[in-house]
Amino acid sequence: MVNAPIVAIALAPLVAWRVYSRIRRLTTRQRSRTWRHRTTLVFFPLLVLMLGLGALFSPMALLALAVGLAAGVGLGNIGIRKTTFEQVGEEFYFTPHARIGAVVALLFIGRMGWRAWEWYMSDGAIAHQDFARSPLTLGVFGILAGYYMTYAVGLLRWRKRSALPALQQG
């Protein structure tokens, strides 16, 4: 049997690299891809629905999810207003507001890390179903989901507005 601390130590660099690359992507200029924004608008609502159904009999968890979603929508609106947009020929680019994206990502990553630590320290006594029923976990996920969904809507609206003048001229 593999020793869990050895596995954790071996996986730590991979996790650190993924966290770094995710946060870097949230803070640097990116090419806008419509399929990516639309995928966000399918993927996150489905996750919210699944987690909400899983916490159906926990009013506090559902309330936390709703409050998190509202906070995420607010942060997403602020983030999209602070985003730098540019069009180069036929291509669309955007640079997200670094602090907001990094805070949202670190909040979620920190919560997942804490829940993983709790599970590890309990020798697996915490059931995986309890993982997603925690009000704090659902609240933090709500922030992440609300932010990403709002941001995706903002990016799609920007692209549509930017494409209209080109169509009217042509």
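Given (1) in contact (Cβ under 8 Å) with a residue 12 or more places away in the chain; (2) more than 15 Å from Thr150 (Cα to Cα); (3) part of a helix (DSSP H, G or I), where does Ile100 come up short, assuming only one miss?
(2)
Of the residues in segment 122-155, how many are at negative phi, of a type in the set (D, E, K, R) and either at pLDDT 95 or above or not in a helix (DSSP H, G or I) (or both)?
0
What tally of residues in segment 89-120 results from selecting those that are surrounded by 14 or more Cβ atoms within 10 Å (Cβ to Cβ) and within 17 Å of Arg161 (Cα to Cα)?
Residues in segment 89-120 being surrounded by 14 or more Cβ atoms within 10 Å (Cβ to Cβ) and within 17 Å of Arg161 (Cα to Cα): 2 in total.
Quick check on my filter: what residues within segment 14-51 are within 14 Å of the chain's Cα centre (by Cα) and of a type in the set (A, V, I, L, M)?
Passing the criteria: Val19, Ile23, Leu26, Leu41, Val42, Leu46, Leu47, Val48.
Just to be sure, is Arg38 part of a helix (DSSP H, G or I), modelled with pLDDT of 95 or more, surrounded by fewer than 17 Cβ atoms within 10 Å (Cβ to Cβ) and not hydrophobic (A, V, I, L, M, F, W, C)?
yes
Here's the yes/no breakdown for (1) β-branched (Val, Ile, Thr); (2) buried (at least 18 other Cβ atoms within 10 Å of the Cβ); (3) out of contact with any Phe, Trp or Tyr (no Cβ under 6 Å at 6 or more places or on another chain); (4) closer than 23 Å to Arg31 by Cβ:
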| site | (1), (2), (3), (4) |
| --- | --- |
| Gly68 | no, yes, yes, no |
| Asn77 | no, no, yes, yes |
| Gln87 | no, no, yes, yes |
| Tyr147 | no, yes, yes, yes |
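The values are calculated or read from the model by the stated rules, or taken from the named source; none is laboratory data. These numbers were taken from a predicted model, which means no experiment stands behind them. Heads up, the Cβs are rebuilt from the backbone with ideal geometry, glycines too, and the neighbour counts pull from every protein chain shown.
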